[in-house]
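A.B. asks: Structure provided below as structure tokens; questions to follow.
The values are calculated or read from the model by the stated rules, or taken from the named source; none is laboratory data. All values derive from a computational prediction rather than experimental measurement. Ideal geometry is used to build each Cβ from the backbone, glycine not excepted, and the neighbour counts take in all protein chains shown. Ligands, DNA and RNA are stripped out before the accessible areas are found, and what is left, the full protein with its side chains, is counted by its heavy atoms. Shrake-Rupley method; radii C 1.70, N 1.55, O 1.52, S 1.80 Å.
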Amino acid sequence: MVANGETISTEASEGKPTFSSDRKTSTLASLRPDDDVIGWFDLVAERAAMMQKETLRRIIKTNAVTEYLKIWLGEDPPIEDLQLKELEELFRSRVPLAAHAEFEPYLQRIADGDTSPILIRDPVSCLSLSSGTTDGRPKYIPFTSFSAQTTLQICKLGAAYRARTFPTREGGRVLEFIYGNPQRFTKGGVAVGTATTHVFASEAFKAKQQATKSFSCSPQEIIHCGDYKQTTYGHLLLGLFHCDNIEFITSTFAYSVIQGFAALDELWPEICADIRSGNVNPIRVTSPEVRRAILGVVFPDPALALRIESACRELKERQWRGLVPSLWPNAKYILSIMTGSMLPYMAKLRHYAGNVPFVSADYGSSECWIGANIEPIQPPERVTFTLVPTFAYFEFIPLRTSSNGSGYSNDDEPVTIAEVELHREYELVVTTFTGLYRYRLGDVVRVVGFHKSSPKLSFVRRRNVMLAVNTDKSTERDLELAVEKTAGLLAKSGAELVDFTSRAVVGDGAHWPGYYVIFLEIDGEVSDSALRECCRAMDLSFADYGYVVSRRCGSIGPLELCVLEKGTFKEILAYYIGNGGTLSQFKTPRCVNSEELLRILNRRVRSRFSSDAYAA
């Protein structure tokens, strides 16, 4: 795989990568990912610790001229004079651990049009918006050709392993519930969008279909429409038109698959009419580009329309149970991110999927790709991801349970890939080819095994996320900001906020879509109109990009404000102490998952309000 010249070594040529072992250099002539991606991965995984050191050397060598690295490594770091281990020690001793806040001034300069070598050697033409934002400010992440090429590489690697377990027909179709928002540009002329938007618009995404021999039902015009509802209609129409040729169904997040299936309950009559006539419903699809794209594919097929119509009538009677095998009889599996905040959706997805297996997609972030799912047979609850040691340089901060058992501390120094311990939990730290150095990713993982010498990781949680329903990730600080705004509004009414907590209601049969619930205990009388204003203000205060987009398109429902009876949090404290806690260690839980605590809260709700902040 070639990205920025190479992925395995800066000296690589014609796909033959090299790596250094101290001062000695060995050539692995067989290390050709394009010829045998699994063979390539086995080889780099077998030499994972050394490949990590070489990856770090390449990052430093490429970007030593940057302003950021010069601050910590000096004007002319002795890259070639040091052995790999010595260079690694130099880097880790001089370059500090950093959160996104430390990079924000540099990234803002890039967004403003500064093309000097700030974080990476070459000018940055694209910035990704990561899923989290704080204080309403977007989190920029550099996106380069390396980002696109590693996406292609991990897609090929994952596809190769899936093919061993779930063979598919070459040239088959894929129903992809993917959505690319239109790119915008900063005042400095830098393209900004989600990482997936950049990927879907890249040449690497087109190359992925050729490389994996699986072709999307939906052309680019549908993917990049920018209107969530029109895109969904296009995906479903073309997915059903190609129903007998669908080899698997996929999306970035499992939530999108479920939402697509849920939309069928309303859309199937119009879709069947379109297949029967070979046309496109003018109310459902108004974009001329999307209409042309669909009309370039569909043609009148009354027999197929009748078959789908009959199946949908039967499925509707059983609440769409077993939808996938009924409508896409040759689908081998459903592929998506199913870990972390997506796990609660598995029951709903199984309702639709029937006996069709789930496959968890590979592990990555806006910052970089991390690991591949090389055991696709494993269910989402047990999936592991084998770290790819050439995609970035990884460090691991050991996490220890705090003395009172209420949380985690990470005072320990980060360890390298060669030092991780089985069954231990770590916070991931990444140094990327795209200009992030010793960057605290915020993901907590557990080492559950090894493939060759590369660790197999299970995703545990996001370190700072409090609320998540869809692709949103709202932190404790996001929640605090929302409640602070409400406290100010309450003060105008002469009332005082006593305490608060929250929960994320995951979309299911009873509640669809999912939504946030904020529980407030208030001292003083407040009118219903003022509380409605508080509810609306809190909804608008959540500035996470994933939350805002999902609220606008309706894939996250209106925020609900629940006003509690006085004394509720005293009862929660009593419950805590009654179960062995002590007053000196008590902290009000800011996000409640305990069924018993939820029973206490729901029993003591005296009024509820639903936000109209994003009403059409």
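A.B. asks: Kindly list the number of the only condition in (1) modelled with pLDDT under 90; (2) in a loop (DSSP other than H, G, I, E, B); (3) surrounded by fewer than 22 Cβ atoms within 10 Å (Cβ to Cβ) that fails for VAL65.
C.D. replies: Answer for VAL65: the failing condition is (1).
A.B. asks: Every residue in region 165-191 that is at pLDDT 85 or above and either part of a loop (DSSP other than H, G, I, E, B) or within 17 Å of the chain's Cα centre (by Cα) (or both), please.
C.D. replies: Those that are at pLDDT 85 or above and either part of a loop (DSSP other than H, G, I, E, B) or within 17 Å of the chain's Cα centre (by Cα) (or both): PHE166, PRO167, THR168, ARG169, GLU176, PHE177, ILE178, THR186, LYS187, GLY188, GLY189, VAL190.
A.B. asks: Could you list all residues from region 431-445 that are of a type in the set (A, V, I, L, M) and within 12 Å of HIS100 (Cβ to Cβ)?
C.D. replies: LEU436, LEU441 - these are the residues of region 431-445 that are of a type in the set (A, V, I, L, M) and within 12 Å of HIS100 (Cβ to Cβ).
A.B. asks: In region 213-251, which residue that is of a type in the set (S, T, N, Q) and under 28 Å from LEU127 (Cβ atoms) is most open to solvent (accessible area, probe 1.4 Å)?
C.D. replies: GLN220
A.B. asks: Which residues, counting only those in region 598-608, are open to solvent by less than 20 Å² (accessible area, probe 1.4 Å) and within 15 Å of ILE518 (Cβ to Cβ)?
C.D. replies: Those that are open to solvent by less than 20 Å² (accessible area, probe 1.4 Å) and within 15 Å of ILE518 (Cβ to Cβ): LEU598, LEU601.
A.B. asks: Which condition number does PHE385 fail, the rest of (1) closer than 29 Å to LEU43 by Cβ; (2) more than 21 Å from the chain's Cα centre (by Cα) being met?
C.D. replies: Just one mismatch for PHE385, condition (2).
A.B. asks: Inspect region 167-180 for any residue being open to solvent by less than 30 Å² (accessible area, probe 1.4 Å), over 30 Å from ASP112 (Cβ atoms), in contact with a helix residue (DSSP H, G or I) (Cβ under 8 Å, 6 or more places away or on another chain) and not hydrophobic (A, V, I, L, M, F, W, C) and give the result as yes or no.
C.D. replies: yes
A.B. asks: Oh, and also: Among all residue pairs at least 6 apart or on different chains, which show Cβ distances below 7 Å where the first residue, located in region 192-207, is hydroxyl-bearing (Ser, Thr, Tyr) and the second is assigned to a helix (DSSP H, G or I)?
C.D. replies: If the second residue must be assigned to a helix (DSSP H, G or I), the pairs left are SER202/ALA148.
A.B. asks: Mind telling me which of the residues TYR439, TYR426 ends up being within 20 Å of ASP362 (Cβ to Cβ) and touching a helix residue (DSSP H, G or I) at 6+ places or on another chain (Cβ under 8 Å)?
C.D. replies: TYR439
A.B. asks: For the list (1) out of contact with any helix residue (DSSP H, G or I) (no Cβ under 7 Å at 6 or more places or on another chain); (2) open to solvent by 40 Å² or more (accessible area, probe 1.4 Å); (3) more than 28 Å from TYR393 (Cα to Cα), I need the number of the one condition that GLN378 fails.
C.D. replies: So GLN378 meets the others, but not (3).
A.B. asks: Listed residues LEU327, LEU335; which is surrounded by 23 or more Cβ atoms within 10 Å (Cβ to Cβ), more than 16 Å from PRO380 (Cα to Cα) and of a type outside the set (Val, Ile, Thr)?
C.D. replies: It is LEU327.
A.B. asks: Of all residues in region 16-62, how many are surrounded by fewer than 18 Cβ atoms within 10 Å (Cβ to Cβ), at pLDDT 95 or above and assigned to a loop (DSSP other than H, G, I, E, B)?
C.D. replies: Qualifying residue count for the region: 0.
A.B. asks: Kindly provide the set of residues from region 444-469 that are open to solvent by less than 10 Å² (accessible area, probe 1.4 Å) and at pLDDT below 90, ordered by number.
C.D. replies: Across region 444-469, the qualifying residues are LEU467, VAL469.
A.B. asks: Suppose the filter is under 28 Å from THR475 (Cβ atoms) and part of a loop (DSSP other than H, G, I, E, B); does VAL124 pass it?
C.D. replies: In short, yes.
A.B. asks: What are the residues in region 297-319 that are modelled with pLDDT of 95 or more, in a loop (DSSP other than H, G, I, E, B) and either under 30 Å from ALA347 (Cα atoms) or out of contact with any helix residue (DSSP H, G or I) (no Cβ under 7 Å at 6 or more places or on another chain) (or both), if any?
C.D. replies: PHE299
Yes or no, residue by residue, for (1) assigned to a helix (DSSP H, G or I); (2) touching a Pro at 6+ places or on another chain (Cβ under 9 Å); (3) touching a residue at least 24 places away in the same chain (Cβ under 8 Å):
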site	(1), (2), (3)
LEU69	yes, yes, yes
TRP72	yes, yes, yes
GLU75	no, no, no
LYS85	yes, no, yes
PRO96	no, no, yes
ILE120	no, yes, yes
ILE154	yes, no, yes
ARG162	yes, yes, yes
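A.B. asks: So, of the residues in region 282-299 that are open to solvent by less than 80 Å² (accessible area, probe 1.4 Å) and not β-branched (Val, Ile, Thr), which turns out to be nearest to ILE271 (Cα to Cα)?
C.D. replies: So, considering only residues that are open to solvent by less than 80 Å² (accessible area, probe 1.4 Å) and not β-branched (Val, Ile, Thr), the one nearest to ILE271 (Cα to Cα) is ARG284.
A.B. asks: Quick one: count up the residues across region 129-147 that are open to solvent by less than 20 Å² (accessible area, probe 1.4 Å), at pLDDT below 85 and not in a loop (DSSP other than H, G, I, E, B).
C.D. replies: 1
A.B. asks: Something else now. Collect the residues in region 481-494 that are open to solvent by 10 Å² or more (accessible area, probe 1.4 Å) and in contact (Cβ under 8 Å) with a residue 12 or more places away in the chain, keeping them in residue-number order.
C.D. replies: Residues satisfying the conditions are LEU481, LYS485, LEU489, LYS492, SER493, GLY494.
A.B. asks: Also: Would you pick out the residues in region 452-484 that are in a loop (DSSP other than H, G, I, E, B) and over 24 Å from ALA254 (Cα atoms)?
C.D. replies: The answer is LYS452, SER453.
A.B. asks: What is the residue count in region 525-578 for residues that are under 30 Å from PHE261 (Cβ atoms) and part of a loop (DSSP other than H, G, I, E, B)?
C.D. replies: The qualifying residues number 9.
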